[in-house]
Amino acid sequence: MTKFPEDVAGVGDDRIVGSTALVTGSTSGIGRETARALGRLGAHVVVHGRDDEAGGEVVDAIEDAVNEGTAEFVRADFADPDEVSRLADRTRKAAGDDGLDVLINNAGGYFREPQLTDLGVEYTFHVNHLSPYQLTAELLDDLADGARVVTTASEAHRGDRIDLDAVTALDDFSSWRAYQRSKLANVQFAAELGRRLRDHDRDVTSNSFHPGAIPGSGFFRHLPGPLSKAAGGLGKLPFVTTPADGAATAVYLAVADDVADTTGRYFADLREKKPSTEAQDPRAQRELWERSAGLLGIDEPLAADGADAAAEDATGATAAADDAEATAE
Ligand SMILES: NC(=O)c1ccc[n+]([C@@H]2O[C@H](COP(=O)([O-])OP(=O)(O)OC[C@H]3O[C@@H](n4cnc5c(N)ncnc54)[C@H](OP(=O)(O)O)[C@@H]3O)[C@@H](O)[C@H]2O)c1
């Protein structure tokens, strides 16, 4: 029998009654299991996605379970910045004066067709990276002391770098490379957010994680031919990673005491893991942060002053050199 994610994460006995959590992309797959787990632990969960019916079912499942968890559904398309803002507004209202305790940036997917959003940004990059960035920026002032931001990345982030000039074009489009790029952005975003929160003396952590390869989630439906066809059958095999297994690391990062002060890190299977050298590069992280604000036409969130930025450059260069050395060892 599949264990609940909170039990796998070792936090099944923790209670988070009175806290509010937003789990993006929780109408399906890993997000749905994460939302249900946080509900079982007692949170008020803002369930998000585009499918009203599926969203309603997750809300019902949380409210019908035997515990204090409550939930509401907010529909928002992550290809549309206005809808992301509406999700931020609704979450702010749900969290009230106590603030938001958990933000799980999980919505996303693998998109096969080359497409620009109305903002002129490649669709995968917009949905998987730019919208979580926007959402987090809009909710920064609403994050409670001790809040945790968790971003669903992927091991697929390895093996690429982000050419930020290319995210507004479809030249030589490859759906796999677009996905890789967006997942690298997730790891870099989470690290940069962690650093900036710390620099601004905010008691809020930010980490990213790889949930495992999970054929039983909705994700595999969009993969090219044979993989998509095999996914349904593979997802039912007993030894395969399930969406509930995938949710365990998200729940762990959102709730466990032993990571309460851990920030800017990447995890897999409930353990910290070294991401790619490119993912760790502080200059690339900062450039992504600044250019993302530019693409959205917003002020840079948690901006550093000039002196801090110069100091960061110097430390960044040293850290990148150290990382490269460590990776080569
Ligand atoms: N499954 C894997 O093997 C795997 C491995 C590594 C990383 N991941 C990552 O895990 C995360 C969750 O994926 P999953 O595997 O659980 O897939 P999933 O079952 O397809 O769930 C994806 C969720 O994201 C939402 N979503 C997708 N596009 C959206 C859009 N344009 N606007 C708003 N919401 C949108 C979906 O909502 P609606 O359906 O309601 O629109 C759904 O709730 C993704 O970030 C994915 O990259 C998955």
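Read-outs: derived from the displayed coordinates by stated rules, not from any lab. These numbers were taken from a predicted model, which means no experiment stands behind them. FYI the Cβ positions are ideal-geometry reconstructions off the backbone, even for glycines, and counts take in every protein chain you see.
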(request) Can you put Val259, Val66, Val17 in order of Cβ neighbours within 10 angstrom, beginning with the fewest? (result) Val66, Val17, Val259
(message) Give me the extension gain from Asp64 to Lys93: residue separation times 0.36 nm, minus the current Cα-Cα distance, reported in nm with one decimal.
(response) 8.2 nm
(message) Give me the one-decimal nm value for the distance between modelled label points at Asp163 and His200, 7 Å along each residue's Cα-to-Cβ direction.
(response) 3.3 nm
(message) Once you place label points 7 Å from the Cα toward the Cβ at Asp172 and Arg291, how far apart are they in nm?
(response) 1.5 nm
(message) Checking the cross-link filter: which aspartates and glutamates have an alpha carbon closer than 12 Å to that of Lys3, excluding same-chain neighbours under 8 positions apart?
(response) Glu33, Asp245
(message) Relative contact order of the stretch 5-303, please, whole-number percent, based on alpha carbon pairs below 8 angstrom and at least 6 residues apart.
(response) 19 percent
